[in-house]
């Protein structure tokens, strides 16, 4: 696009779950839609750095308590203060939890239910559980749909937990486990299949408003569009300022998540946590691929890019995690990441979705945690707002909601592997031994849009095992270079400023 001007009906800024879900919803209509992402891959920010929970009920009660830390000091832990049934957050999370099933089927996305135990071992934690019960019963419906277990029942579900645990609250199907990049990339692929354009390594540097249109200026050229949707997450305030005047700000909290070796999967069957307190989260979770640990505090930060990890934080988190699952240790850690959560200052307990007061063509979509759960109803809401503002929606009769995922050799049976090999012999060459990812899968990921090492990782799990790419990284880079027809020195980890093997720009 460099030096050129693209024309569109809608330009979306931001390639996380919010941006791509809006793009796919708009691709159901005969519209020109362009999504720009400043990074080298989609799902490179807050959407990636989560546990991958789509949840409701008992886990949502804990989420209300945890995130009360961003509310005004002295906010009581009551359902009236923490759960506004008329708020967008409440409406979209309740609707969205059940909405996703059809989309997962359409987009061939793996998911599983993760049983939840909120456990207690002392009098203070038992009092905390009573707060869960009070909030759940007050909110009603699925929020109160859980049961209390005694010691014998707890250890039938999770035999490897701390033997001092006395009681627990249990919900069987209040958490669905997905891999966030898998979800975001599947939605984006389907949007592109249906006519949406996605531009990576494209940073917005200015927005100029004309009478009935806007020009979005980027480092790679310009986009002339009628509507702009600001889905830039932690940088949404800066994008908004380019297009007009806002009357809200952003604040950020961060939390660190530790990834343990998949060999420990037999230790845990679902998700186990101590009761949340305002700003404190202590849990261990088994995903289909690894055990994740999120044990620490919701720490405020001024920088949405403050995603660095610390050894001190990892050791502190493990120490707390061992009070839940004693058999884990430091040697089981294979990686860690930090997620930054975004809240708007006007409605910190809710999302903020509105046009700028002095630019009725720029729609700010500021989504707070949990964002993935309500993404589908959010996208429909945004589309309705655009229509009300004058965007003509004509149904795209060629819209195809379905997409097939890349074959996974590790999960395939002998018969399936034989079929794959007959089509592409490279499926028989294992490149990433930790995750059993083949050269054929890496080639498939490039044909689906991967341009970086992270892009391959997000689509195939290559380099996500214990070695973290130390053994397979060079081979993956060489396959990328060959498939993209680029010199290997141009291959990056996650975009323009991350040259592979430390090579400088």
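The values are calculated or read from the model by the stated rules, or taken from the named source; none is laboratory data. Because the structure is predicted, anything quoted here is derived from the model rather than measured. Note that we place each Cβ from the backbone using ideal geometry, even for glycine, and neighbour counts take in every protein chain shown.
Take residue 415 and tell me if it is without any contact (Cβ under 8 Å) to a residue 24 or more places away in the chain and farther than 20 Å from residue 44 by Cβ.
yes
State whether one or more residues within segment 101-115 are over 29 Å from residue 25 (Cα atoms) and either outside the structural domain of residue 18 (by TED's automatic domain parsing) or touching a residue at least 40 places away in the same chain (Cβ under 8 Å) (or both).
Yes, there is a match, as at least one residue in segment 101-115 is over 29 Å from residue 25 (Cα atoms) and either outside the structural domain of residue 18 (by TED's automatic domain parsing) or touching a residue at least 40 places away in the same chain (Cβ under 8 Å) (or both).
Among 458, 471, which is the only one that is at pLDDT 90 or above and more than 25 Å from the chain's Cα centre (by Cα)?
Unique residue meeting the criteria: 471.
Specify the residue that is modelled with the lowest pLDDT; the eligible residues are those in segment 244-298 that are surrounded by fewer than 16 Cβ atoms within 10 Å (Cβ to Cβ) and out of contact with any helix residue (DSSP H, G or I) (no Cβ under 9 Å at 6 or more places or on another chain).
Going through the qualifying residues, I end up with 265.
With a cut-off of at least 2 residues that are in contact with a strand residue (DSSP E or B) (Cβ under 9 Å, 6 or more places away or on another chain) and closer than 20 Å to residue 234 by Cα, name the strands (runs of 3 or more DSSP E) lying wholly within segment 33-137.
Passing ranges, in order: 33-36.
Only strands (runs of 3 or more DSSP E) wholly contained in segment 269-323 count here; list those with 1 or more residues that are under 16 Å from residue 339 (Cα atoms).
So the answer is 280-286, 291-297, 299-301.
Assess whether residue 437 counts as being under 24 Å from residue 334 (Cα atoms) and surrounded by 16 or more Cβ atoms within 10 Å (Cβ to Cβ).
Numbers: under 24 Å from residue 334 (Cα atoms): yes; surrounded by 16 or more Cβ atoms within 10 Å (Cβ to Cβ): yes.
Considered against the rule, which asks whether it is under 24 Å from residue 334 (Cα atoms) and surrounded by 16 or more Cβ atoms within 10 Å (Cβ to Cβ), residue 437 comes out as yes.
Limited to segment 394-408, what total is found for residues that are surrounded by 10 or more Cβ atoms within 10 Å (Cβ to Cβ) and without any contact (Cβ under 8 Å) to a residue 60 or more places away in the chain?
The number of residues fulfilling the criteria is 3.
What's the number of the only condition in (1) surrounded by fewer than 21 Cβ atoms within 10 Å (Cβ to Cβ); (2) farther than 20 Å from residue 281 by Cβ; (3) at pLDDT below 90 that residue 44 fails to meet?
The one condition residue 44 does not meet is (1).
Would you confirm whether any residue within segment 67-82 is crowded, with 23+ Cβ neighbours inside 10 Å and under 23 Å from residue 345 (Cβ atoms)? So that I can check it myself, show each step before the final result.
First, pick out the residues of segment 67-82 that are crowded, with 23+ Cβ neighbours inside 10 Å: 67.
With the extra rule that they be under 23 Å from residue 345 (Cβ atoms), the set shrinks to 67.
There is at least one residue in segment 67-82 that is crowded, with 23+ Cβ neighbours inside 10 Å and under 23 Å from residue 345 (Cβ atoms).
Quick test of your reading of the structure: residue 371 fulfils all but one of (1) surrounded by fewer than 23 Cβ atoms within 10 Å (Cβ to Cβ); (2) at pLDDT below 95; (3) within 26 Å of the chain's Cα centre (by Cα). Name the failing condition by number.
(1)
Go through (1) surrounded by fewer than 17 Cβ atoms within 10 Å (Cβ to Cβ); (2) farther than 11 Å from residue 361 by Cβ one by one and return the number of the condition residue 211 breaks.
Here residue 211 clears every test but (2).
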